[in-house]
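First up is the structure itself, then whatever we jot down about it.
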């Protein structure tokens with residue numbers, strides 16, 4: 001998990017009841033991982049792969065292109081990481 005975020009106030013581990021950034025805000029961390037700010041359309045466990053529709057998460061999905069780094073509850077705001085499979 002990366003630790004440096006070039007966007008002021010960003011922390012990919014935090015979840016919020018009110019939005020802190022515009023939905024869809026991108027972030028590339030110090031380990032070159034891509035994150036997107038979203039609203040949870042459903043509750044997701046940590047490390048769950050999720051799909052996005054208009055920057056709102058949909059149900060857990062093995063085909064999902066993003067990963068919730070920490071658990072996120074329905075309607076919360078937070079960051080999800082672009083999923084990439086190992087080579």
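Within the span defined as region 45-60, one or more residues are at pLDDT below 90, assigned to a strand (DSSP E or B) and exposed (fewer than 13 other Cβ atoms within 10 Å of the Cβ).
Do we have any residue at all in region 69-85 that's part of a strand (DSSP E or B), loosely packed, with under 15 Cβ neighbours inside 10 Å and modelled with pLDDT under 85?
Looking for residues that are part of a strand (DSSP E or B), loosely packed, with under 15 Cβ neighbours inside 10 Å and modelled with pLDDT under 85, one finds none in region 69-85, hence no.
The values are calculated or read from the model by the stated rules, or taken from the named source; none is laboratory data. Since the model is a prediction, treat every value here as computed from it, not as a measurement. Glycine gets a Cβ as well: all are built from the backbone with ideal geometry, and neighbour counts include every protein chain shown.
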